[in-house]
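**Student:** Submitted below is the structure of interest, expressed as structure tokens.
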Amino acid sequence: MKKLERRAFICIIMVICLVAGMVVFIFQLTKHGDKWATFYANKHIYSHGKLALGNIYDRNGNVLEENRDGEIVFNDDYWARRGTVHVVGDRNGNIPTSAEVAYRKDIVGYSFLTGTYSITGKGKDIKLTVDADMSAAAAEALGERSGLVLVYNYRTGEIMTMVSGPNYDPAEPIGDVDDSSGLFINRALSSKIVPGSIFKVVTSAAAIENVPDIDEFHYSCGGVYRIGNEDLRCFAAHGPVDFQRALVTSCNGAFAQIANMCGPGVMKDYVDKLGLTKTYDIDGIKNVPGSFEFPKYNEFNLGWAGIGQYKDLVNPMSMVVFMGSIAADGKSAEPIILYKPFRATKYTDQMIEPETAAKLQEMMRADVEEGYGDNLFPGLEVYAKTGTAEVGGKNINGWLAGFLKDEDYPYAFIILVQNSGYGVTECPPILNAVMDAAKSEN
């Protein structure tokens, strides 16, 4: 009898272990099944180490990457291929933020019940929000330079163009790549970069909402702003400037003083409030947050931070969403990359008050009209701020950040050309090329 009891007890223990093992297995299958099924050893979906299922198209149905009888085919246009490679990927999985990596289970048609099996055996199609023609124009205008071109719709959140340089043609072998080249990094998502004077729009927002009578601000620029025993220099002696004129002339001295009027606490609060330290979930793909320091007991470094230098590092995706919020009365659509008609739009929190947005619109429009000249942007009504960021040991980086107030093209944009020159000379031709491509489609 005791033997039977022992055997029964052992059987019960074995059943419990079996059930527990099944529970753990089902849990792991639910959590990791897509990764197991899309592992590179699965010959059903890979051919010679490359994904052999599924197709990727742009918002207009143009081919970005397609499988035709086991052959991988990309867009016919050379510059479209280069302009979308960081968004689409290269089927070798080199770009971790690409659709090829992020949406692999969707591309192969993975299902919890059927795995990667499909009746057609061709996987599934996915459609991205990017426009192939706009991306081609951006890539060609950027050329072989390092930088980025990011354009997004602040009403819908759709990313229209996301070009990163250096880039390459995914249809051609790339050979050995130096890890320091940044070739596989999508700078719009995965980089933090010194912003330079485009950050003065952030300081302006903080000042409008926190400094009493900021509209009465006046500063006389002699080319050097003395803080303690240190000199903060401007590019020129701007003479007397008010708040708006300080932005138009991009006066370093004036904005260093304004940053100190705001104080380190307010500046810290505003980079958080404006989403510059936020990570956006872009249909499962995430950008890196920016990072900033605003010292409490060093007016010189606080002033330096207020003009976009010191330890300021901005992520372009976060910055372009802030630009969109200025255009859209204080809050903007959160960015998306998967094209799904009729999807509900998700908006950011209220970043700035509508009155603040209106004031910044006025200042950024004056920046173009009085500072750069509308002739730089033929046929466009541009609201923008350029930037020239100093990076130790390298040539200056040129920025252009802003938006269009246009019902047909409600776009915010960030353009960066690295190690090249001033934003006002390097970036406008790129924006013009992108918008010419956008308008030619209509």
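**Student:** Tally the residues that are touching a Pro at 6+ places or on another chain (Cβ under 8 Å) and either open to solvent by 50 Å² or more (accessible area, probe 1.4 Å) or farther than 30 Å from THR97 by Cβ (or both), restricting the search to the stretch 251-282.
**Tutor:** 4
**Student:** Moving on to the next point. Among VAL201, VAL248, VAL241, VAL211, which is the only one that is under 30 Å from ASP408 (Cα atoms), open to solvent by less than 40 Å² (accessible area, probe 1.4 Å) and more than 24 Å from the chain's Cα centre (by Cα)? Talk me through it step by step, then tell me what you get.
**Tutor:** Details: VAL201 fails: more than 24 Å from the chain's Cα centre (by Cα); VAL241 fails: under 30 Å from ASP408 (Cα atoms); VAL211 fails: under 30 Å from ASP408 (Cα atoms).
Going through VAL201, VAL248, VAL241, VAL211 in turn, the sole match is VAL248.
**Student:** Next question, about the same structure. Which of (1) at pLDDT 75 or above; (2) open to solvent by less than 30 Å² (accessible area, probe 1.4 Å) does VAL101 not meet, given it meets every other one?
**Tutor:** Result: VAL101 passes all but (2).
**Student:** Pairs under 7 Å by beta carbon, first residue free of Cβ contacts under 8 Å to residues at least 40 places away in the same chain in the stretch 255-273, partner assigned to a helix (DSSP H, G or I), six or more apart or different chains?
**Tutor:** As it stands, the answer is PRO264/LEU302, since those pairs meet every condition given.
**Student:** Take the residues of the stretch 145-185 that are part of a loop (DSSP other than H, G, I, E, B) and closer than 25 Å to TYR422 by Cβ: which is nearest to the chain's Cα centre (by Cα)?
**Tutor:** Per the stated criteria, the residue is ILE185.
**Student:** Taking only pairs six or more apart or across chains, which ones have beta-carbon atoms under 6 Å, a first residue in the stretch 201-225 that is within 27 Å of MET319 (Cα to Cα), and a second residue that is among the basic types (Lys, Arg) and in a strand (DSSP E or B)?
**Tutor:** Close Cβ pairs (under 6 Å, with a partner that is among the basic types (Lys, Arg) and in a strand (DSSP E or B)) amount to VAL201/LYS385.
**Student:** Same structure again: Considering only residues that are of a type in the set (A, V, I, L, M, F, W, C) and over 26 Å from the mean Cα position of the chain (by Cα), which ones fall in the stretch 260-273?
**Tutor:** Passing the criteria: MET261, CYS262.
**Student:** Out of curiosity, is LYS331 farther than 13 Å from VAL202 by Cβ and in contact with a strand residue (DSSP E or B) (Cβ under 6 Å, 6 or more places away or on another chain)?
**Tutor:** Yes: the conditions hold for LYS331.
**Student:** Which of the residues that make up the stretch 72-93 are open to solvent by 50 Å² or more (accessible area, probe 1.4 Å) and either in a loop (DSSP other than H, G, I, E, B) or in contact with a Cys (Cβ under 7 Å, 6 or more places away or on another chain) (or both)?
**Tutor:** Once the filter is applied, which keeps residues that are open to solvent by 50 Å² or more (accessible area, probe 1.4 Å) and either in a loop (DSSP other than H, G, I, E, B) or in contact with a Cys (Cβ under 7 Å, 6 or more places away or on another chain) (or both), the stretch 72-93 yields ASP76, ASP77, ASN92.
**Student:** Let me ask you something else. Just give me the residues in the stretch 229-269 being in contact with a helix residue (DSSP H, G or I) (Cβ under 6 Å, 6 or more places away or on another chain) and in a loop (DSSP other than H, G, I, E, B), in sequence order.
**Tutor:** Scanning the stretch 229-269 gives CYS234, HIS238, SER250.
**Student:** Do you know which of the residues in the stretch 397-422 that are touching a residue at least 40 places away in the same chain (Cβ under 8 Å) and not in a strand (DSSP E or B) is surrounded by the fewest Cβ atoms within 10 Å (Cβ to Cβ)?
**Tutor:** ASN419
**Student:** Further, regarding this structure: Quick check: is even one residue across the stretch 312-319 under 12 Å from the mean Cα position of the chain (by Cα), assigned to a loop (DSSP other than H, G, I, E, B) and surrounded by 21 or more Cβ atoms within 10 Å (Cβ to Cβ)?
**Tutor:** For the stretch 312-319, residues under 12 Å from the mean Cα position of the chain (by Cα), assigned to a loop (DSSP other than H, G, I, E, B) and surrounded by 21 or more Cβ atoms within 10 Å (Cβ to Cβ): present.
The values are calculated or read from the model by the stated rules, or taken from the named source; none is laboratory data. Quick caveat: nothing in here was measured; it's all calculated off a predicted structure. Cβ atoms come from the backbone with ideal geometry, glycine included; neighbour counts cover every protein chain shown. Note: areas computed on protein heavy atoms with side chains; ligands, DNA, RNA excluded. Shrake-Rupley method; radii C 1.70, N 1.55, O 1.52, S 1.80 Å.
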